[in-house]
Amino acid sequence: MKRIALAGAALALAVPGLATAADGTPSPKQAAKQACQEERTAVRSEVGKSAWKAIYRGNGLGRCIKARRSAEAEHQDNAAKQCKAERADAAFADSHEGKTFDEFYGTNKNKKNAFGKCVSGKAQEASEEDTEARVNAAKTCKEARKDSEAFADAWGTKKNAFGKCVSATAKAQGDSE
């Protein structure tokens, strides 16, 4: 029996991205993959298939995951800090329909999954905001590309010009909020 448990633990450690936190929060790689799949769908439907390819050349999904992995880890860290503060707040129930932290966030029978649900919900919300900013940036850059001379002056003429525009525009939008 011990061998099976050890083999399972070794497999989880050997294959990055398979393991989730004990509280059910996805790993940063898993969260990045989900966010990139959502971003790809949104960019393709709202801006066009060629826009996704222009943002992430080559293996678009792999490049997106690599780029977003650290942001997802940061979202989870920030969410955990926010949830710890909420859980410690003595006046939590006053601003949450009279419910305790566990009652408000918990979903299982004994509400012991409240912290994990809080963290994953807040991290997911931050990830969705990032995706929305990148989709809006892609729309802005697609519009800017219509004036090819001005676009070339601002971003260059290489294959990565559109991706540079999207990245900088999304970052600027995120900084202004």
Practice problem: Return the only residue of Thr157, Thr169, Thr131, Thr140 being polar (S, T, N, Q) and surrounded by fewer than 13 Cβ atoms within 10 Å (Cβ to Cβ). | Solution: Thr157
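For every residue, the table says whether it meets (1) of a type in the set (Ser, Thr, Tyr); (2) touching a helix residue (DSSP H, G or I) at 6+ places or on another chain (Cβ under 6 Å); (3) under 29 Å from Arg69 (Cα atoms).
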site	(1), (2), (3)
Ala90	no, no, no
Ala137	no, yes, yes
Cys165	no, yes, yes
Ala168	no, no, yes
Gln173	no, yes, yes
Quiz item: When you go through Gly121, Gly174, Gly106, Gly116 one by one, which is the residue that is touching a Lys or Arg at 6+ places or on another chain (Cβ under 7 Å) and at pLDDT below 95?
Solution: Gly106
Quiz item: Filter the range 76-85 for residues that are surrounded by fewer than 18 Cβ atoms within 10 Å (Cβ to Cβ) and not polar (S, T, N, Q); which is farthest from Thr25 (Cα to Cα)?
Solution: Ala85
Exercise. Determine if the range 87-98 includes at least one residue that is outside any loop (DSSP other than H, G, I, E, B), aliphatic (A, V, I, L, M) and touching a Phe, Trp or Tyr at 6+ places or on another chain (Cβ under 7 Å).
Key: no
Quiz item: Would you say Ser120 is over 30 Å from Cys141 (Cβ atoms) and either in contact with a Gly (Cβ under 7 Å, 6 or more places away or on another chain) or crowded, with 19+ Cβ neighbours inside 10 Å (or both)?
Solution: yes
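The values are calculated or read from the model by the stated rules, or taken from the named source; none is laboratory data. Not measured: the values here are computed from a predicted model. A quick note on method: Cβ atoms are made from the backbone with ideal geometry, for glycine too, and the neighbour counts reach across all protein chains shown.
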